[in-house]
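Nothing in this text is a laboratory measurement; each read-out follows from the coordinates by a stated rule. Here the structure is a predicted model, which means the values were calculated and not measured. FYI the Cβ positions are ideal-geometry reconstructions off the backbone, even for glycines, and counts take in every protein chain you see.
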Amino acid sequence: MSLRRPLRLLRPLRTQRSLFATFTAALAAAGCLTAVGPANANSPSANSPSVNSPATKACSPAVSIDRFSDALDKTTYDGTFVGNFSALAVGRDGTLAALSDRSSLFTLDPGTLAPTSVVPLADESGAPLDSEGLAVDRDGTRLVSSETEPSVRRYSRDGRVLDRLPVPDALRVAPAGRATVNQTFEGLTLLPGGRTLLASMEYAISGDATGIVRWQTWERHGKKRFALGAQYAYRTDTGLGVPEVAATSDGRFLVLERGFTAGVGNTVRLYLADPRHATDTSGIANLTGQGKGVRLVRKTLLADLVNCPSLGATAKQPQPNPLLDNIEGMVITGRTGKRLDVLLVSDDNQNAVQTTRFYYLRVRA
């Protein structure tokens, strides 16, 4: 059943605050974690200001970077390559889940990032996924999106398919629908309270204006079943797509926009998006812009990550800032007042000139 209304303004839950506190405490215990790479990574030169100075860590007035880590780059765990990360999520027990787009779901220690388990994922027939989005439900099951169809499936902790959510025909990959291969469900997030799930398309479907991407929601009916809900339209910056979204406690979202230019490198921007007064576009065949009574999701730029200090990071290919790479995953790990602790990760595509890198941000939203 499609719900023709904006997303509800949801209040933060005590359980969520407790989860955040657990995760933040684990990170605090690992305060000595620094980047793997140059011997002086994250260390100032004798004549430079301390990298612990807030002024040297600011990416913008709203965003600062605390540190980064390359500790997992080009490593293996239990015979599985650690990398290709496309999504992050935090469980109710404070553990950190990291999804590889090569059908592997890792559990990482939230303090050290060391893998503690890995579970292979597959579809109902045993075929691998192009797994891109991840959310951990309140019962511990994993909701995973795949770009292949696209799809959203629910998995048990040990990787068994439990069920599959419905997907509107228009969002399916052509010829079944109007979407393009590898440009579908990249972002996936549960709103606080766990009653609404949202998936973001990476790029526009055919018939919609370039740069206008659709966000699909599902509403929970009963304990586990999700039914199709409202749909919203979000406009990206020119040439960029949406690799990830993360719900805040008040019904808004952090949104990553990302692109790549050969010989130049990556563009990665962080936005705050508010869909609460946006039009439900599930009944609109073609989206051509803000006119004709269609209200898009409002967005506010928080930071262009090219403006972050490099903190001694190095890049294996041209980048406008050596800190940047192919950032795809994002999760909110804690909050203090209006400040959010946000963890990002890059997808190295198992490529020698790319890096699996984790970024620890502080965001005032």
**Complete:** Looking only at lysines whose Cα falls under 29 Å of LYS338's and that sit 8 or more positions away or on another chain, we get LYS57, LYS299
**Request:** Quick one: P(r) of segment 235-284 from all Cα-Cα pairs, 10 Å bins, percents rounded to integers, in order of increasing distance.
**Result:** 23, 42, 27, 8, 0
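What do you get when you divide the Cα radius of gyration of segment 253-308 by 2.2 N^0.38 Å, with N the number of residues?
Details: Rg = 14.6 Å, N = 56, 2.2 N^0.38 = 10.2 Å.
Against the compact-globule rule of thumb, the ratio is 1.44.
With a 10 Å Cβ neighbour count serving as the proxy for reagent exposure, in which order, fewest first, do MET201, MET330 appear? Kindly include the intermediate steps, with their values, before the conclusion.
Working: MET201 27, MET330 24.
Taking fewest neighbouring Cβ atoms as first place, the list is MET330, MET201.
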**Fill in**
With 0.36 nm assigned to each residue of separation and the Cα-Cα distance removed, VAL181 to SER117 gains 20.0 nm
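What do you get when you divide the Cα radius of gyration of segment 51-133 by 2.2 N^0.38 Å, with N the number of residues? Don't skip to the answer; put the middle values down first.
On the way: Rg = 15.7 Å, N = 83, 2.2 N^0.38 = 11.8 Å.
Computed over Cα atoms of segment 51-133, the ratio equals 1.33.
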